[in-house]
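Please read the structure below before turning to the comments.
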Amino acid sequence: MGKNLFIGIDVSKAILDVGVIPTEEVKRFTNDADGCKALISWLSEIEPELI
């Protein structure tokens, strides 16, 4: 799926807001160990070209 998918991550103390270009999908993860694991798992599924 990941060809031509680009990821931007806005980091705050409690939340990681993740945007995908060009699909404009937005996901939110907690900025803790569980949230980071979920983010990594999701990113490995979609295999983006660049983060």
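Numbers below:
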| read-out | value |
| --- | --- |
| Hits in the stretch 15-27 - residues which are under 17 Å from L5 (Cα atoms) and in contact with a Gly (Cβ under 9 Å, 6 or more places away or on another chain) | D17, V18, G19, V20, I21, E25, V26, K27 |
| Residue among D34, D17 that alone is in a strand (DSSP E or B) and not basic (K, R) | D17 |
| Looking only at the stretch 18-45, and only at residues there that are in contact (Cβ under 8 Å) with a residue 12 or more places away in the chain and in contact with an Asp or Glu (Cβ under 9 Å, 6 or more places away or on another chain), the one that is surrounded by the most Cβ atoms within 10 Å (Cβ to Cβ) | V18 |
| Matching option when the condition is in contact with a Pro (Cβ under 9 Å, 6 or more places away or on another chain) and not polar (S, T, N, Q), among I51, I46, I7 | I7 |
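Laboratory data are not the source of any read-out in this text; all were calculated from the coordinates shown. For clarity, every value in this text was computed on a predicted model and none was experimentally measured. Backbone-built Cβ (ideal geometry, glycine too); neighbour counts: all protein chains shown.
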